[in-house]
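Undergrad: Okay, here's the structure, questions in a sec.
The values are calculated or read from the model by the stated rules, or taken from the named source; none is laboratory data. Just so we're clear, the structure is a prediction, and the values are computed from it rather than from any experiment. For neighbour counting, all protein chains shown are included, and Cβ atoms are generated from backbone atoms with ideal geometry for every residue, glycine included.
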């Protein structure tokens with residue numbers, strides 16, 4: 001698994017409108033997204049219970065997808081890394097956050113509360129981390145990242161076949177084209193707002209996923225987002241309140257476009273473009289400023 005090693009860009013876009021066309025949300029799509037989320041939560045809960053009963057690990061928890069512990073965490077913190085922390089703690093009965101309700105297996109949250117703090121103390125005690133104060137500092141973060149790395153290699157109960165071929169990596173920089181930021185108009189389709197030059201080193205790399213973060217609710221101003229391999233559109237997804245990842249309430253949201261399968265040959269650079277369909281809320285004539293960027297580790301790929 002390879003990932004973007006540094007921040008690609010922090011960008012701004014101003015969206016304006018001359019004529020606003022009402023946009024209807026697909027209710028059936030939102031209902032489907034809610035059902036998928038409920039099924040995923042149930043699956044996570046069953047997996048956690050199975051691991052506790054058998055003493056085995058099923059690898060990296062689903063809540064930890066794309067997560068690396070890069071900051072200290074303490075009471076009151078929030079974010080996807082907190083949810084991942086709870087999922088890891090819930091993999092063992094003796095460090096479980098809660099037996100039921102919020103924080104329990106399959107019901108992890110993004111908030112670091114007193115239950116999470118108590119579970120961290122148990123985790124630190126179990127792993128001989130001193131002081132066991134319920135504060136996730138550098139030593140505890142290192143242990144958590146080790147768990148993630150080990151889990152990514154495969155679960156218990158069977159051999160893991162080492163991958164063949166050379167190990168590859170990717171680096172990414174903001175492309176000169178399309179120009180980031182600027183003014184776009186509501187009602188447009190496939191408006192290019194960002195280009196990312198992705199270089200593969202060591203082997204071919206297949207880019208599978210791209211995250212775009214917004215500092216405001218993106219579904220209010222973007223109806224769809226498209227990722228393109230150069231000038232060829234690869235994947236388009238509707239942007240709704242049901243499929244956006246809320247990292248921090250009201251201030252940080254991630255739109256994750258997966259299943260890209262964009263191949264970057266060894267020692268070459270390929271431009272991946274991000275396009276949007278800009279909209280404005282009914283009755284709002286703009287201008288509206290929307291800040292967006294691709295975060296660190298926002299591009300994920302595998303050796304080709």
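Undergrad: For segment 75-96, how many residues are modelled with pLDDT of 90 or more and over 27 Å from residue 297 (Cα atoms)?
TA: Qualifying residue count for the region: 2.
Undergrad: With respect to residue 211, is the statement that it is modelled with pLDDT of 90 or more and not in a loop (DSSP other than H, G, I, E, B) true? Talk me through it step by step, then tell me what you get.
TA: On the way: modelled with pLDDT of 90 or more: yes; not in a loop (DSSP other than H, G, I, E, B): yes.
The answer is yes for residue 211.
Undergrad: Based on this model, can you work out whether residue 192 counts as buried (at least 17 other Cβ atoms within 10 Å of the Cβ) and modelled with pLDDT under 90? Full working, then the answer.
TA: Details: buried (at least 17 other Cβ atoms within 10 Å of the Cβ): yes; modelled with pLDDT under 90: no.
So residue 192 does not fit the description; no.
Undergrad: List every residue pair whose Cβ atoms sit under 9 Å apart, with the two residues 6 or more apart in sequence or on different chains, where the first one lies in segment 248-259 and is at positive phi and the second, anywhere, is surrounded by 12 or more Cβ atoms within 10 Å (Cβ to Cβ) and in a strand (DSSP E or B).
TA: Cβ pairs passing all conditions: 259/208; 259/209; 259/234; 259/235.
Undergrad: Can I ask one more? Take residue 184 and decide whether it is assigned by TED's automatic domain parsing to the domain that holds residue 219, within 17 Å of residue 271 (Cβ to Cβ), modelled with pLDDT of 80 or more and surrounded by 14 or more Cβ atoms within 10 Å (Cβ to Cβ). Walk me through how you get there before you give the answer.
TA: Numbers: assigned by TED's automatic domain parsing to the domain that holds residue 219: yes; within 17 Å of residue 271 (Cβ to Cβ): no; modelled with pLDDT of 80 or more: yes; surrounded by 14 or more Cβ atoms within 10 Å (Cβ to Cβ): yes.
No.
Undergrad: Is segment 292-304 home to any residue that is touching a residue at least 12 places away in the same chain (Cβ under 8 Å) and farther than 26 Å from residue 68 by Cα? Step through it out loud before you land on a result.
TA: The first filter runs over segment 292-304 and keeps only residues touching a residue at least 12 places away in the same chain (Cβ under 8 Å), leaving 292-304.
Retained after the next criterion (residues that are farther than 26 Å from residue 68 by Cα): none.
There is no residue in segment 292-304 that is touching a residue at least 12 places away in the same chain (Cβ under 8 Å) and farther than 26 Å from residue 68 by Cα.
Undergrad: Which of the residues that make up segment 234-279 are under 24 Å from residue 170 (Cα atoms), crowded, with 20+ Cβ neighbours inside 10 Å and under 15 Å from the mean Cα position of the chain (by Cα)?
TA: Within segment 234-279, 255, 260 meet the criteria.
Undergrad: Out of the residues in segment 214-226 that are in a strand (DSSP E or B) and within 16 Å of the chain's Cα centre (by Cα), which is modelled with the highest pLDDT?
TA: Restricting attention to segment 214-226, the residues satisfying the condition of being in a strand (DSSP E or B) are 214, 222-226.
Next, from what is left, pick out any that are within 16 Å of the chain's Cα centre (by Cα): 214, 225.
On the way: 214: 91, 225: 96.
Ranking the candidates gives 225 first.
Undergrad: Any residue at all in segment 229-247 that's part of a strand (DSSP E or B), modelled with pLDDT under 90 and in contact with a strand residue (DSSP E or B) (Cβ under 8 Å, 6 or more places away or on another chain)?
TA: Restricting attention to segment 229-247, the residues satisfying the condition of being part of a strand (DSSP E or B) are 229, 232-238, 245-247.
When the remaining residues are screened for being modelled with pLDDT under 90, the result is 247.
Those left that are additionally in contact with a strand residue (DSSP E or B) (Cβ under 8 Å, 6 or more places away or on another chain): 247.
Yes.
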